[in-house]
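A short write-up of the structure that comes next.
The values are calculated or read from the model by the stated rules, or taken from the named source; none is laboratory data. Model, not experiment: these values are computed from the prediction. Positions of Cβ are backbone-derived with ideal geometry, glycine not excepted, and every protein chain shown enters the neighbour counts.
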């Protein structure tokens, strides 16, 4: 038996099939016995789905107790009818649970611009709220009920000590099903029984998202529905974390990053039609933000991605993409490595092309886990990110999505 | 017989095969009998090819008399050896023509990071400079000698009156051979016999590039070698244009935009493996820059491009891409149209999805020239841009480029 959401103290959940999607579960509920400190990050897209607008409002006070998520319909570009649908989801969930509406977060994923099936979803909530459970299968049902084109459920669980107290943390995510979050919705929900103030949680969540989910994202390229929410209900009964200097805070921070990076990586590894998982690393950078920008530009270059698909050690494309990142770096100081974690081949040393065995390189690039590393030799900071290749299968799949 | 570069007064040119490329012409020379007012725009990439560095320096005084271009080797990421190669191209051209080195512009296109074949190129210049000619075939040779993966030569010619004087303008370009300039080098060279001051020319060229070549470009995403240069040698003997208020200036400005848009469109229509030409239009925007940003974001979205390939009227992807452009616009005021110039179907009215005949839409999208139009209903400005679809052929081609 695996540990999941249901192994966090006070958390129950469920995943049901309401009929919005033809075959798979399409409604997830996550509930905390007590109100939890809550923090979230939302899409930066100018076009924002109705549930996002409502969740943004409800989380403003730093507290939440329930999350309701539907799949199959994004409730985006749906206007007044969609707004009412999202409100009905929140209202029904709050009423059925007997909690305040302001403690309910709501999320949606699926097709954009279709009328929202409010009745089906509301009926589904009423029928299933009584099934909320702390049994392991309930966690699996919830993890499966938020998927769209994903080929597998994405879950994570960690247990660790905070100031001598055992703490449990669990999360579920859905990928874009595609390579970048701008190509579909990215959702992640993490629950933890640590006691932490809403303010400190908010700061910690934003920093961890920057190192994880945002490193599989082209900066600013987000779908209408993206959302990452973290609920910490304090039922571990540790002395509440309120400052970054509190004992155990650094452990909590590291574990939150760990679970987010794990979920982010599983999203990339489930990219539609992708055949490679590529780890990008920038080392010895003047600062971390610059390293991240370089990685986002390189990992989102269609030319770099097609080269990885074709096992082509075309390092010129990598440097060209880096040059487009809008950050100053000194090409004449840069070393570039390409290969896998075990066999990393130096392609450039201080900007100078190195001889390499082309046949050996093609052999290395045949592997499914690749590694691209750039050493800027101009500082002490590093950044890491993850991406996939761009394949003919990807194009085929996405050319006929609604048809 | 077509009119081309050689129909501009005082212009001679040539295109030769030096052996850097195995089969096709790979060295172009353009020469003006007298020094010309000159202006250029260059790549914004941080990694800059050696010829770009040199041309930037040589054009600083607003004058040029010759352009020398090699294809097959980009002379980028080539270090000191490449720097010397670019300098040798300029020096040899200047010596053979008996002009000042500062009057020579140099450009390169081809593979990045390969040692620069200086001897072949320098010998080629020496052998061919005597062949500079004002015969029509010389213009065609030059247009062909700057190509890489392009499938056809890109040329334009216009004649018009400036303040009662007949003026001739001609241009050649090479495409990335791909969909965005970040995926390969974009070069364009335009010559005109109008008399215009360097300062006014510079201003006019920058504005025209923003409306043409930059509208097939993702902002800031440019290759290491991109360059657009315009030489106006004054041999039409019109009173020199020095102010935007001078008689005939507006005609010159309009014609420069026209030839640049023509060349930019031919570049898009020669996109590798692309099956559609898509015209993007934003109307009734608060300002033109905002319209351009929206177009650049939409036209570079892989999801929009794969949908066009698959004839999928997936307007949600268009709005999602628009939302990522980083500009504020009111979705609830936006109308969206999709189709062809002749049959444009309203998909959204004031943010509200419209019913449409899906089968009819699929029929329309089978055409090779598509049109996407967004009406923001919040201003009086418009912008236009051009792009292509993303096909399985594109991925196949680019996955094996150097191998």
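What to note about this one:
- Flag for residue A:18 being within 14 Å of chain B (Cβ to nearest Cβ) and in contact with a helix residue (DSSP H, G or I) (Cβ under 7 Å, 6 or more places away or on another chain): no
- Tally of residues being farther than 18 Å from residue B:385 by Cβ, in contact with a strand residue (DSSP E or B) (Cβ under 9 Å, 6 or more places away or on another chain), more than 10 Å from every other protein chain (Cβ to nearest Cβ) and not in a loop (DSSP other than H, G, I, E, B) across the stretch B:336-363: 4
- Flag for residue B:355 being farther than 12 Å from residue B:278 by Cα and out of contact with any helix residue (DSSP H, G or I) (no Cβ under 6 Å at 6 or more places or on another chain): yes
- Residue A:304 within 12 Å of chain B (Cβ to nearest Cβ) and outside any helix (DSSP H, G or I): no
- Checklist (1) within 11 Å of chain B (Cβ to nearest Cβ); (2) within 27 Å of residue A:188 (Cβ to Cβ); (3) touching a strand residue (DSSP E or B) at 6+ places or on another chain (Cβ under 8 Å) applied to residue A:297, failing item: (3)
- Restricting B:167, B:191 to those that are outside the structural domain of residue B:391 (by TED's automatic domain parsing), modelled with pLDDT of 95 or more and under 17 Å from the mean Cα position of the chain (by Cα) reduces the list to B:191.
- Of all residues making up the stretch A:39-66, the number that are within 14 Å of chain B (Cβ to nearest Cβ) and assigned to a strand (DSSP E or B): 1
- Selection count, the stretch A:32-46, where residues are touching a residue at least 24 places away in the same chain (Cβ under 8 Å), surrounded by fewer than 22 Cβ atoms within 10 Å (Cβ to Cβ) and under 21 Å from the mean Cα position of the chain (by Cα): 3
- Residue selected from the stretch B:254-265 under the condition surrounded by fewer than 19 Cβ atoms within 10 Å (Cβ to Cβ) and in contact (Cβ under 8 Å) with a residue 40 or more places away in the chain, by the criterion farthest from residue B:153 (Cα to Cα): B:257
- Screening the stretch B:114-124 for residues that are within 25 Å of the chain's Cα centre (by Cα) and buried (at least 23 other Cβ atoms within 10 Å of the Cβ) and picking the one that is farthest from residue A:316 (Cα to Cα) gives B:121.
- Residues satisfying the stated conditions in the stretch B:307-318, i.e. facing chain A (nearest Cβ under 7 Å), under 19 Å from residue A:110 (Cα atoms) and within 27 Å of the chain's Cα centre (by Cα): B:307
- The lone exception for residue B:327 - which of (1) within 8 Å of chain A (Cβ to nearest Cβ); (2) at pLDDT 90 or above; (3) under 19 Å from residue B:278 (Cβ atoms); (4) assigned to a loop (DSSP other than H, G, I, E, B) it fails: (3)
- Test: residue B:374 is within 13 Å of chain A (Cβ to nearest Cβ), crowded, with 19+ Cβ neighbours inside 10 Å, in a strand (DSSP E or B) and touching a helix residue (DSSP H, G or I) at 6+ places or on another chain (Cβ under 6 Å): no
Here's the yes/no breakdown for (1) closer than 21 Å to residue A:115 by Cβ; (2) assigned by TED's automatic domain parsing to the domain that holds residue B:215; (3) modelled with pLDDT under 95:
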| position | (1), (2), (3) |
| --- | --- |
| B:305 | no, no, yes |
| B:312 | yes, no, yes |
| B:323 | yes, no, yes |
| B:332 | yes, no, yes |
| B:345 | yes, no, no |
| B:369 | no, no, yes |
| B:380 | no, no, no |
| B:383 | no, no, no |
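- The set of residues in the stretch B:72-109 being within 13 Å of another protein chain (Cβ to nearest Cβ) and surrounded by fewer than 21 Cβ atoms within 10 Å (Cβ to Cβ) consists of B:79, B:80, B:81, B:83.
- Among residues of the stretch A:125-174, those that are without any contact (Cβ under 8 Å) to a residue 24 or more places away in the chain and buried (at least 17 other Cβ atoms within 10 Å of the Cβ), counted: 1
- Test: residue in the stretch B:226-245 that is crowded, with 17+ Cβ neighbours inside 10 Å and within 14 Å of another protein chain (Cβ to nearest Cβ): yes
- Check on residue B:396, within 13 Å of another protein chain (Cβ to nearest Cβ) and closer than 29 Å to residue A:82 by Cα: no
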